[in-house]
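Q: Have a look at this one.
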Amino acid sequence: MDNSKITVYVGMSGGVDSSLTAALLKERGFNVVGVYMKNWTQDLPGMKCPWAEDLADAKRVAVQLGIDFKVFDFEKDYREKVVQYMIDEYSAGRTPNPDIMCNQEVKFKLFLEAALEDGADFIATGHYAGVRREKSVLSSSIKATASEAEGFERDETDFSEVFTTSNLIRAKDDNKDQTYFLYRVQGSALAKTMLPLGEFTKPEVRKMAEERGLFTARKKDSQGICFVGKIGIRDFLKQFIPEQKPGKIINRETGETLGWHDGAIFYTLGQRHGLNVGGGLPFYVCGKNMETNEVFVSTDINSSELWTDKIRLSSVHWINQIAEQGEKIEIRVRHRAPLVEATIYFDGEDFENATLELSSEQRAITAGQSVVFYSGDVCLGGGIVV
């Protein structure tokens, strides 16, 4: 099939990953359009938002590649769906992941919808993950890897055929794999998505970018909150929530007040740094009471409050296929955490609430964080810790 008839809108952030994504797709003959998502432009005390520089870098790469370039403004929606979510969750004493919500609500929903409405056939991003599509061809079923399905190795791929399932696949680079952050994306969105970088490691990506003369090849990866910039969660939250009352930091074993904190919402289970409770053995946050504004700490790294082999989940999301009651799956309790075997039990028939029984205890499982499910290299979905 003539790839030039397929229009792909690439989300370009001004970094090396999205730059190479656009370059690779253009090389395969697709009609590529670069899109910068303007999600956040507000400067904060001590931090200038880098959006203008990132926009300029993305535009410069688009000019270099000879592709059209557009700006989609999602700032109002980003504030409502990502920032406010993060504020509400922290205010309730939970520990959310804003990057996961950004992918769910902005990149693979708003961006996808706007791109398709504007004439795109697919969107693409620079995430380290893949899409494996299952399709029927002359009554036989074949599975194509992300690179094959998107024409990177199989020029004869016919996009006119209907893909029945689009699965999210772990990246080749385990250290950069971003399926943890993508687990809440809909399978229907993946069917309209290309993720070409799943086949490469980060060093390979930088080398390929250099070989193509992309000036972003050595640009540092972005840090901090998605689209906001290099700022810590605590400093960011302080700009948007009422000033918190000081509260006690209490030794769980002795009941002694060891010091004072500036708001229980800023502390999470297992936290060690920023407690300022004196020398000696390190203390770890082992619990907190939001009603009394108290944070509890312990020097016992093996405290039963820090370890668990059972996790309750809500808002469980399945990308495609739902696991069976009592099925064994693999889970990841945080980004880059090792995979752990678990058995899943649903609390009802809606499959949105579940309990995981783990093969081994895991540390610092915190309300609000995400646990992501896997079967082999396929990301099945995940849920949010209760």
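Rule-based calculations on the coordinates, nothing more; no lab input. In this text, all values refer to a predicted model and were calculated from it rather than measured experimentally. In this analysis, Cβ positions are derived from the backbone assuming ideal geometry, glycine residues included, and neighbour counts consider all displayed protein chains.
Q: Can you give the Rg to Rh ratio of the range 173-276, both from alpha-carbon atoms, with Rh computed by the Kirkwood formula?
A: Result for the range 173-276 is an Rg/Rh of 1.14.
Q: Further question: Students often get this wrong, so check it: of Lys238/Lys310; Lys220/Lys288; Lys5/Lys109, which have C-alpha atoms separated by over 28 Å?
A: Lys238/Lys310; Lys220/Lys288
Q: log10 I(q)/I(0), Debye, Cα-only the range 3-218, no solvent, q = 0.08 Å⁻¹?
A: Computed log10 I(q)/I(0) values: -0.28.
Q: Ser4 versus Trp307, label points 7 Å from Cα toward the beta carbon: distance in nm?
A: My value for the distance between the label points is 6.4 nm.
Q: Related question: Over the alpha-carbon set of the chain, divide Rg by the Kirkwood Rh and report the Rg/Rh ratio to two decimals.
A: Using Cα coordinates only, the ratio equals 1.00.
Q: Also: If the chain between Glu204 and Thr343 were fully stretched, how many nm would it gain, using 0.36 nm times the residue separation less the Cα-Cα distance?
A: Value of the extension gain: 46.4 nm.
Q: Determine the shape class of the range 241-355: with a ≥ b ≥ c the square roots of the Cα gyration tensor eigenvalues, call it rounded for a/c under 1.5, and otherwise prolate if a/b is greater than b/c, oblate otherwise.
A: It comes out prolate by the Cα gyration axes.
Q: Can you tell me how the range 308-385 classifies by the Cα gyration tensor, rounded, prolate or oblate, using a/c under 1.5 as the rounded cut? It would help to have the intermediate numbers written out before the result.
A: Values: a/c = 1.39, a/b = 1.20, b/c = 1.16.
Taking the square roots of the gyration eigenvalues as a ≥ b ≥ c, the range 308-385 is rounded.
Q: Using the alpha-carbon atoms, what tilt in degrees (0 to 90, nearest 10) does helix 202-211 show relative to the longest principal axis of the chain?
A: Tilt of helix 202-211: around 40 degrees.
Q: As an exercise, find the ratio Rg/Rh for the range 242-298 from alpha-carbon atoms, using the Kirkwood inverse-distance average for Rh.
A: 0.92
Q: For a quick check: sort Ser298, Ser314 by the number of other beta carbons within 10 angstrom, fewest at the front.
A: Ser314, Ser298
Q: Loop only per DSSP, at most 13 neighbouring Cβ atoms within 10 Å: give me the trypsin sites (Lys or Arg not before Pro) in the range 23-53, ordered by residue number.
A: Working: sites: Lys26, Arg28, Lys38, Lys48; in loops: Arg28, Lys48.
Passing sites in the range 23-53 are Lys48.
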